[in-house]
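Visitor: This is the structure, below, for whatever I ask next.
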Amino acid sequence: METVRVWFRKRGKVKFISHLDVQRCVLRAVKCTKIPVWYTQGFNPHVFITFALPLPLGVEGERESFDIKLLEPQNLESIANAMNRWLPKGLEISSVGNPMMSPNLVRYACFSIKIFPQKTEQCPNLNELQKSIEDVFSHPNLMVEKETKSGNKQIDLKKEIKSHSFIHCKEFSKLTAIMPAGNERNISPNLLIKALKKFFFFPFSYSIVRTGLFTEKMEAFY
Amino acid sequence: MIEQKLEEILLEVQKPGRYIGGELNSIVKDKKNIEVRFAFCFPDVYEVGMSHIGMKILYSLFNTKPYIWCERVFAPWIDMEQKMRERNISLFALESGDSVCDFDFIGFTIQYELCYTNLLNMLDLAGIPIRSRDRTGLRQIVVAGGPCTYNPEPLADFIDIFFVGEGEESGLEVIELYREFKKQNKKREEFLLAASQISGIYVPSLYEIFYNENGEISACIPKGDAPRNIKKRIINDLNHAYYPENFVVPMIDIVHNRAVAEIFRGCIRGCRFCQAGFVYRPVREKLPEVINKQCQNLCSSTGYDEISLSSLSSSDYTKIEPLLDILTKWAQSENVGISMPSLRVDGFSNRFMEKLKVVKKCGLTFAPEAGTQRLRDAINKNVSEQELLKTCNTAFSGGWSLVKLYFMIGLPTESKSDIEGIADLAQKVVDAYYSNSNRQKSRAVRVTVSVSCFIPKPFTPFQWEAQNSIDQLEQKQKWLRDAIKSKSRNIKFNWHDAKTSFLEGVFSGGDRKLCEVLEKAQQSGCRFDGWSEHFNFSKWMDIFNQCAVDPNFYNTRRRDFYEILPWEHIDGGIKRSFFRQECERAYKSETTVNCREACSACGAAVFGGGICHGDC
C-alpha cells in the first residue's frame, strides 16, 4: 500500500463550495476512476482520505493537497488525468507525488488578497487606496472580533500576521499576508477583510487566494 | 460584468454553492450551434430541485438533440433574491449564466401547489411578463408539466403550454414544432394553435370558461381547432424509453443525493385519496436487466455510492427479488448501497428482509393512513392491522427498532374513534416490540406517528369531497395528541400544519378565478409558501378578501356529482363513472381489488400498454 499526495487547485466559482463539498467531489471522482484505493475497514467502509488543511469558503487555492492510499502501484501522472475527467469545473489536479512531510508540520499559510474599490462616489484614487492600506498596517494594533464556539474574542491581527507586503496597480491593490495556519492555530483571511472593512472609508470587493502552506521554519509544505 | 456583480453577492449569501453551476456532467454547449434554448426551471431551491428525477430525465433527453440546449434554473433563496433585485441581476441559468429572459422556452415542473408563487416570482425575476397575454413574439414560451398540471386552471393565465402526462415525447414534439415555426418566421399565436394539436398538449388561452351565478363552471369552450379534451400522454414501453446515462452531480449536499433508478411507473393500488395512484396508471414495469444496466451506468458516471430504487410502491414490483439479486452481486463489492423508499406493509417478507439487510439499513416506514380497519377499507388502503403487526415483528426480529407510521386525518367518513385508533395502533406496535423475544434487547423502540391532512385531489374518487376546515383539523390533531399522551412515551407525534393544507386544498381544487389571487400574492411578496418560516396565512387571507374570492368555495365545499369540475376538459384516462363508483363504495366501506388481482375497468386500458394488457 502506497500513500500518495494529490495536489490540486480550487479556482473560480467553485471556491463557493465548502471543504466538506470538496471532499465529496474528490471521493466521487476517485470512485469514478476505479483506481484501487484503500477503504477504511469500519462498519461503514469509505475511501480513506485526508486533506492537509481545509480551505475556508470563498477562498481560492493554488496549492492544495490530500492524501489517499493506493492498493497497487500506479502511474502517478495517469491518476491526475483520470481524476480530472470526473471533477467539477474549477477543481483541478495539478500533480500527484509522494508525501515528504506530515500535514502536522504546517504552521503558516500565505494568502494573496486583491482589493478592488467599488465604483462609488467615495471611490479612492490610486494614492488614496495605497495610503489607506498602508495606514491600516502602520497602526500599533489591528483589533478584530473573532467568533468562536466559546463566544467572541478580540484578537490583534498585528500580532498574528507573520509578514505582509503590497503591490498597487491601477484597478486594485494586492496584499500578500502570511498568517498562522495548521492544527495549532488558524487565522482566517476573512478576519483581515473584516478589519479592512472597519478601517476603510470606501466600499470594496475582494478576492482571496491561498497560495501555499509552510512549516515553522517557512519551508514550503510538500 | 454580471460575473463580477454575482461574485460580490455570492460572498454575502447563505450556501452560495447553489448558484454557481459547473457541476460534473452539467452540459455546456456552443451557442453558435443552438437553435432552441430551453430553461428548465424548478420553482424551489437547488437542493430540492436537484433531487427531482423527472428534471434529470428531461434535461438529459432534451440535450441529446444537438440543436437544443437545455439548462437548469432554480428559485433563489430569499436572501439571494433580495441581493439580485438590489443589484439588478436577472434570474440566470446555471450552465451559461445567461438571463432566463433570453430563452425560447421557460419550462417549469410543478410538483406541489405551494410553489405556484415561486413560479410567478421566477418569471418576474427574469424580467418576463407573468401573464401569457403580455408576452409577444415567438420567444419566451412558458410551459409547465408535472402532477399539478392535472388541474392546470389556477395557472391558466400564466402558462402558454401545459404538458399533460409524461413529457418525454410531447416535450420533444413541441420543441421541434417551435424550431420549424421559428425558421419560417411564424407568429406566436400560430405556434400555440399548432401546438394545441399535439396529443397531451393543453394551451389554456384557447379555452374559454363560463360560470354560473353560484360560481360553478357552466361550460368550457375550445376556440378554433383546439381539441375539446386533452388526453394525457404516457410512455408505454419503459424498457426502451430514454433514461439518462449520467446525472448532474451537485457539489453541495442536496435532499436526495444519490443515483435513482426508476423501477416502474404507476401503482396497482387504488387508494382513494391518492392522485398519483390514478394519474400514473397503468402500471408499467421495467425489466431487472434494464434497471441493472441503468444503475451501473449511473454509478460509474457519477461516483455515487448509493442507489435508490424509485417507484410509488417498491414492494409491488413483481421482480423485486431477482432485481436485488443482480444488483447486490456487484453493488456490494463496489461499496454501493441500495435503498428502497415506498415499502408497503404487506410486501415485507422474511426473505425480502434478508436481501435488504445486505443493502442498507435505515428506519422502516409504513403508511397505514388510517387508524381503524373500517376507515382503511373506506379509503381502499388494503392493509390489515394483523399484517402491519406481523411485518413489524419480522422487522424487530431482524434488528430494526425504528418505525415510522404515516396517517391522514380529515378523511371522508372519519369519526373520533378513527382518530383514537391511530394512537391505539401505534401502541400496539410498541407492545409488539416488547413482546418479541428476538428483538435487539439493548435498544428501546421508537415509533414516529406522522399525520398529514387529507386534501381532496382532482382525478381521485374523493375529488368531490369536502376538506375539513382548519378548526376541524386542529380539533382532530388535539384529540390525537391527547390520545397519544396517554400511551407509551416511545411514541413521537408529528403533524402537518392545517393552514398550509388548507391553502393547498384551495389550489388543488381551484379554477381560473384564482389566477388573480396568485398574481397578487406574488406582488405582495408571498414565496416559498411550502416552507413554514415563509408561509404567511393571514396575508393570503387578506389577498383572497381583496380579490373577493372565497377560498372555502374550492376546498371545504362538497361538490355535486353533476358539477362541471375545473379540470373536466383534461382526460387522465380514468373514467369519471369509475371515480364516482369508487366514491360510493367508500361510503359503504367496500374495498376494490388491486390491478394485479383483477381489472376493475377504470379506463386506463385505453392507453394500450402496461398491466392492462398483461405486460407485467
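Any read-out appearing in this document is the output of simple, stated calculations on the displayed coordinates, not a laboratory observation. Since the model is a prediction, treat every value here as computed from it, not as a measurement. Every residue, glycine among them, receives a Cβ derived from its backbone with ideal geometry; neighbour counts consider all protein chains shown.
Visitor: In degrees between 0 and 90, to the nearest 10, how far off the longest principal axis of chain B does helix B:116-125 point, with axes built from Cα atoms?
Guide: Compared with the principal axis, the helix lies near 30 degrees.
Visitor: Full extension from B:Ile470 to B:Asp134: what is 0.36 nm times the residue separation minus their Cα-Cα distance, to one decimal in nm?
Guide: Values: separation 336, 0.36 × 336 = 120.96 nm, distance 3.71 nm.
Full-extension gain reported as 117.3 nm.
Visitor: Sketch the reach of a paramagnetic label on A:Lys194 as a point 7 Å from Cα along Cα-to-Cβ, and name the residues of the stretch A:133-154 whose backbone nitrogen lies under 14 Å away.
Guide: Answer for the stretch A:133-154: A:142-154.
Visitor: Using alpha carbons only, how many angstrom separate the centre of the stretch B:372-431 from the centre of the stretch B:215-276?
Guide: Comparing the Cα centres of the stretch B:372-431 and the stretch B:215-276, I get a distance of 29 Å.
Visitor: A further question follows. Rounded to the nearest 5, what % of DSSP beta bridges with both residues in the protein assembly as shown are antiparallel? Display every interim value, and only then the final one.
Guide: Details: 63 of 111 bridges.
Around 55 percent of the beta bridges assigned by DSSP in the protein assembly as shown are antiparallel ones.
Visitor: Could I ask something else about it? Can you give the relative contact order of chain A as a percent, counting alpha carbon pairs under 8 Å and 6+ residues apart? Intermediate values should be presented prior to the final figure.
Guide: Details: 418 pairs, mean separation 58.5, N = 222.
Normalised by residue count, the contact order of chain A is 26 percent.
Visitor: Taking R0 as 30 Å, what's the FRET efficiency between B:Ser450 and B:Ser577 from their Cβ-Cβ distance, rounded to 0.05? Could you put the intermediate results ahead of the total?
Guide: Working: r = 34 Å, r/R0 = 1.15.
So, using R0 = 30 Å, E works out to roughly 0.30.
Visitor: Hey, rough spin-label estimate for B:Asn545 and A:Arg185, points 7 angstrom out along Cα→Cβ, what's it come to in nanometres?
Guide: Output for this residue pair reads 6.1 nm.
Visitor: Related question: Answer with one residue from B:Gly49, B:Phe191, B:Ile209: the one whose Cα lies farthest towards the positive end of the charge dipole of chain B, charges on Cβ with Lys, Arg +1 and Asp, Glu -1.
Guide: Farthest along the dipole direction, towards plus: B:Gly49.
Visitor: Let me ask something additional. Out of all DSSP beta bridges with both ends in the stretch B:73-225, state the antiparallel percent to the nearest 5.
Guide: Values: 8 of 15 bridges.
Among the beta bridges of the stretch B:73-225, antiparallel pairing accounts for roughly 55 percent.
Visitor: What is the magnitude of the charge dipole of the stretch A:41-104 about its Cα centre, with +1 placed on the Cβ of each Lys and Arg, -1 on the Cβ of each Asp and Glu, and no other charges, expressed in debye to the nearest 20? The partial results should precede the final answer.
Guide: Working: 4 positive and 7 negative charges, 28 e Å.
Charge dipole of the stretch A:41-104: 140 debye, to the nearest 20.
Visitor: Please report the spacing between the Cα centers of the stretch B:4-69 and the stretch B:124-174 in Å, no decimals.
Guide: 19
Visitor: Can you tell me the orientation of helix B:576-587 relative to chain B, as the angle in degrees between its alpha-carbon axis and the longest Cα principal axis, to the nearest 10?
Guide: Result, in degrees: 30.
Visitor: With a cut-off of 8 Å between alpha carbons and a minimum separation of six or more residues, what is the relative contact order of chain B in percent? Walk me through the numbers before you get to the answer.
Guide: Working: 1151 pairs, mean separation 87.6, N = 616.
For chain B, the relative contact order is 14 percent.
Visitor: What's the magnitude of the charge dipole for chain A around its Cα centre, counting Lys and Arg as +1 and Asp and Glu as -1 at the beta-carbon? Answer in Debye, nearest 20. The partial results should precede the final answer.
Guide: Numbers: 32 positive and 21 negative charges, 85 e Å.
The calculated dipole for chain A is roughly 400 debye.
Visitor: Here's a follow-up. In nanometres, what is the gap between the two model label sites at A:Lys131 and A:Thr40, each 7 Å from Cα along Cα-to-Cβ?
Guide: Computed distance between label sites A:Lys131 and A:Thr40 equals 5.6 nm.
Visitor: OK, next. Please report the antiparallel percentage of the DSSP beta bridges confined to chain B, to the nearest 5.
Guide: On the way: 12 of 57 bridges.
Here the antiparallel bridges make up roughly 20 percent for chain B.
Visitor: Return A:Met101, B:Met122 ranked ascending by Cβ neighbour count within 10 Å, so the fewest neighbours appear first. Let's see the in-between values first.
Guide: Values: A:Met101 15, B:Met122 27.
Ascending Cβ contact count within 10 Å gives the list A:Met101, B:Met122.
Visitor: Using a simple charge model, +1 on the beta-carbon of Lys and Arg, -1 on the beta-carbon of Asp and Glu, nothing else, what dipole does chain B show about its Cα centre, in debye to the nearest 20?
Guide: Details: 78 positive and 80 negative charges, 293 e Å.
Charge dipole, chain B, about its Cα centre: 1400 debye, nearest 20.
Visitor: In addition: Under 20 Å from a point 7 Å along the Cα-to-Cβ line of B:Asp615: which residues of the stretch B:170-212 have their amide N that close?
Guide: Those under the cut-off are B:170-173, B:199-201.
Visitor: Could you point to the residue in B:Ile9, B:Ile470, B:Asn594 farthest towards the positive end of the protein assembly as shown's charge dipole, with +1 and -1 charges on the Cβ of Lys/Arg and Asp/Glu respectively?
Guide: It is B:Ile9, whose Cα lies furthest towards the positive end.
Visitor: Say each of B:Tyr562 and A:Arg85 gets a label point 7 Å from the Cα, pointing the same way as Cα to Cβ; how far apart are those two points in nm?
Guide: Here the answer is 6.9 nm between the modelled labels.
Visitor: Also: How much length is gained on full extension from B:Gln440 to B:Ile53, taking 0.36 nm per residue of separation minus their Cα-Cα distance?
Guide: On the way: separation 387, 0.36 × 387 = 139.32 nm, distance 3.65 nm.
135.7 nm is the gain from fully extending B:Gln440 to B:Ile53.
Visitor: Listed here are the pairs B:Lys31/B:Lys83; B:Lys390/B:Lys416; B:Lys381/B:Lys487; A:Lys114/A:Lys197; A:Lys146/A:Lys198; A:Lys114/A:Lys217; which of them are more than 20 Å apart at the Cα?
Guide: Numbers: B:Lys31/B:Lys83 28 Å; B:Lys390/B:Lys416 26 Å; B:Lys381/B:Lys487 25 Å; A:Lys114/A:Lys197 14 Å; A:Lys146/A:Lys198 14 Å; A:Lys114/A:Lys217 26 Å.
Cα-Cα > 20 Å for B:Lys31/B:Lys83; B:Lys390/B:Lys416; B:Lys381/B:Lys487; A:Lys114/A:Lys217; rest within.
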